[in-house]
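Structure first, then comments.
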Amino acid sequence: MAVATARKSGNGKPGPKHNIEAMRQAYYQRIAKHHMTPLWTVMSSLITEEPVTRCAPAIWHFNDVKALVMESGGLISAEEAKRRVLILENPALRGESRVTNTLFAGIQMILPGEVAPAHRHAPSAIRFVLDGEGAYTAVEGEKALMSPGDFVITASWAPHDHGNSSKKPMLWLDVLDVPTVNFFETSFAEDFDDPMQQTTRQNGDSLSFYGSGVLPDGTAAKNLATNRTPIINYTYARTRPITERMLKAGEIDKCHGARVRYANPITGGPVLPTMGANLTMLPKGFRGEPYRSTDGAIFVCVEGEGTTDVDGETLAWGQNDVFVVPPWKRYAHSAHKQSVLFSISDRPAQEALGIWREGK
Ligand code: 1HN
C-alpha cells in the first residue's frame, strides 16, 4: 500500500517514501527484543472473515480398521496398554493425536477376559459401540453392559474401567475433549489401586432413573450436577426406535433427516459441556440439502450405506465407517439404503462461548 510522503517518522522528521519500509523493519526488530510485535501485520490472519480450518475431510472404513485393531491384540494386552486404542488422526493434523482441532478420536478394543484398569482424568469421554456384545464399562459405580449403537458417557473426573466377560472382542469409538482440555492446559489424571471399581448400581439404573420421564423423588435427583447428564448409557435399543417413529411421522429435517439430540434429561441441555451428540435415521433415497456449521463433526454409520458430499469431495460410507466433516465446510448426506448416523461435535462448548453459527 502506498504511504504518503508527508507522514512523520518516529523522530518527528518527515520520512521519505522509499525509507519507510526499512524504518518499519528496523522498528519491528527493536520491539521484538522486548517480545512485542505489531498487530497490523498479522491482523487479517488472526481475525478472518470466515472460519479457517486446518482439519481435512476424512473417512476410516471399518473393514480396514477392524483388521488393524484386531492385530494390536496380539502385540499388547489391555492391562499393559492401559487403554488399547488406535488413534484416528486427521490426515491434515498428523502427530497431533486429534481428529478435529478440538477432539480426540480412537478405536478401542477389549478382548474376552481383559480389564482396562480404573482411572480418571479431566477430559470427558464418550464411547460409541461398534462391534461385540456384553463387554462393560463401569462409570461412577454403574456397570454398563454395552451393545452396538450404545452411547456411553464418562464425564470429567469420573472414575471408569472397562472389562469384557463376554466371549467376543468388543470395539468402540472413543471421543474425548483432550485437545480442548490441553488448549486450556488443565489436564489432571490419576490411577486407582484397585483395577476394578466397586459398583453400587445395576446395569441400566441411570437411564431408568433419569431418562424415563420420571425422576427419583429423593435427594439423588436434587444433588445432580447440571452441566452434564446423569445418564451413563443411552442405549441403541431405546434411541433407535425414536428416530424410526420420527421417520414414520414425517419429522424429517431437510438437511439432517429424522434426527434426535442426546439430552441431559434434567436440563434439556447437552450431555457434556464440551461435546454434544445426535442420532439420525435417513430414509432410503434421502438426499439432504447442503448445510454447514462452525462445529466440525465426527460421524459413524451405524446402519446402512450412503455418501456425504463435503465441499465437493465425496465420502462413501457403510456400516461402522467413521468420517469427519471439518468446521464450516458445506456437506450433504445421501442414503442409498435406509441408514442411521451417529454424530458428535464440540457444539456445546461453542454455544457456551456464544460463537456457534450455522448456515446453508
Ligand atoms: C481414556 O482414558 C480412554 O478410558 C480411552 O477408555 C481413550 C484417549 C486419551 C486419553 C485417555 C478410556 C483415551 C483415554
Worksheet, complete the sentence: Protection proxy (average C-beta count within 10 Å per residue), highest first, orders 33-40, 133-140 as 133-140, 33-40
Worksheet item: Evaluated at 20 °C with a viscosity of 1.002 mPa s, what Stokes-Einstein diffusion coefficient in µm²/s does the stretch 177-245 have when Rh comes from the Kirkwood expression over alpha-carbon pairs?
Response: 138 µm²/s
Fill in: Phi-based couplings in Hz for the stretch 323-336 (Karplus 6.51, -1.76, 1.60; Gly and Pro marked x)
9, 10, 10, x, x, 6, 8, 5, 9, 8, 8, 10, 10, 7
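Pull out the extension gain between Ala67 and Ile242, defined as 0.36 nm times the separation in residues minus the alpha carbon to alpha carbon distance; nm, one decimal.
Taking 0.36 nm per residue and subtracting the Cα distance, the gain is 59.7 nm.
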Item to complete: Treat every Asp and Glu Cβ in the chain as -1 and every Lys and Arg Cβ as +1, leave all other atoms uncharged, and give the resulting dipole magnitude about the Cα centre to the nearest 20 debye.
Response: 1580 debye
Worksheet item: Got a sec? What order do Ser206, Ser165 fall in by accessible area at 1.4 Å, biggest, i.e. largest, first?
Response: Ser165, Ser206
Discussion item. If I model the stretch 134-291 as equal point scatterers sitting on the Cα atoms and use the Debye formula, what is log10 I(q)/I(0) at q = 0.11 Å⁻¹?
Written reply: -0.53
Discussion item. How large are Rg and Dmax for the stretch 57-178 when calculated on the C-alpha trace, in angstrom?
Written reply: 13.7, 39
Worksheet item: log10 I(q)/I(0), Debye, Cα-only the stretch 284-360, no solvent, q = 0.17 Å⁻¹?
Response: -0.63
Worksheet item: Of the residues Phe192, Phe128, Phe151, which exhibits the maximal mean-square fluctuation in a Gaussian network model of the chain defined by a 10 Å Cα contact cut-off?
Response: Phe192
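Counting only helical runs of four or more DSSP H residues, what would the 222 nm mean residue ellipticity of the chain come to if each run contributes -39,500 (n - 2.57) and the total is spread over all its residues? Each step should come with its number before you reach the end.
Numbers: 9 runs with 72 residues, N = 360.
Counting only the DSSP helices, I get -5500 deg cm²/dmol.
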Discussion item. Counting only Cα atoms, I'd like the Rg/Rh figure for the stretch 123-210, Kirkwood definition for Rh.
Written reply: 0.98
Worksheet, complete the sentence: Computed D for the chain, Stokes-Einstein, Kirkwood radius over alpha-carbon pairs, 25 °C, 0.890 mPa s, to the nearest µm² per second, is 109 µm²/s
Worksheet entry | Solvent-accessible area of His336 with every protein chain in place, 1.4 Å probe, in Å² to the nearest 10 | 90 Å²
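Might you tell me the accessible area per residue for the stretch 11-170, computed with a 1.4 Å probe and given in Å²? Provide the component values of the computation, followed by the final result.
Numbers: 8250 Å² over 160 residues.
Per-residue accessible area for the stretch 11-170 comes out at 52 Å².
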Practice prompt. Taking the Cβ of Leu279 as the centre, find all other residues whose Cβ is under 15 Å away and add up their charges (Lys, Arg: +1; Asp, Glu: -1).
Written response: +2
Worksheet item: Ignoring any ligand, DNA or RNA, what whole percent of the accessible area of the chain comes from carbon and sulfur when the probe is 1.4 angstrom?
Response: 54 percent
Worksheet item: Rounded to a whole number of µm²/s, how large is the Stokes-Einstein D of the stretch 241-280 at 20 °C and 1.002 mPa s, given Rh as the Kirkwood radius over C-alpha pairs?
Response: 196 µm²/s
Worksheet item: Taking every eigenvalue of the Cα gyration tensor of the stretch 316-360, multiplying by 5 and rooting it, what semi-axes result, largest first, whole Å?
Response: 25, 12, 9
Discussion item. Leaving ligands and nucleic acids out of the surface, order Thr186, Thr308, Thr102 by accessible area at 1.4 Å, largest first.
Written reply: Thr186, Thr102, Thr308
Worksheet item: Taking the Cβ of Val310 as the center, what net charge do the other residues with Cβ under 10 Å away carry, scoring Lys and Arg +1 and Asp and Glu -1?
Response: 0
Worksheet, complete the sentence: Rounded to the nearest 10 Å², the accessible area of Ser124 using a 1.4 Å probe with every protein chain kept is 0 Å²
Discussion item. Net charge within 13 Å of Lys82 by Cβ-Cβ distance, Lys/Arg positive one each and Asp/Glu negative one each, not counting Lys82 itself?
Written reply: -4
Worksheet, complete the sentence: Dipole check, the stretch 75-140, charges on Cβ (K,R +1; D,E -1), about Cα centroid: among Asn90, Ala78, Ala118 the Cα furthest to the positive pole belongs to Asn90
Item to complete: May I ask you to rank Asp161, Asp131 by accessible area, largest first, using a 1.4 Å probe over the protein chains only?
Response: Asp131, Asp161
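The values are calculated or read from the model by the stated rules, or taken from the named source; none is laboratory data. All values derive from a computational prediction rather than experimental measurement. Here the Cβ is made from the backbone with ideal geometry for all residues, glycine too, and neighbour counts use every protein chain on show. To get the accessible areas, we keep the full protein, side chains included, count just its heavy atoms, and leave off ligands, DNA and RNA. Shrake-Rupley method; radii C 1.70, N 1.55, O 1.52, S 1.80 Å.
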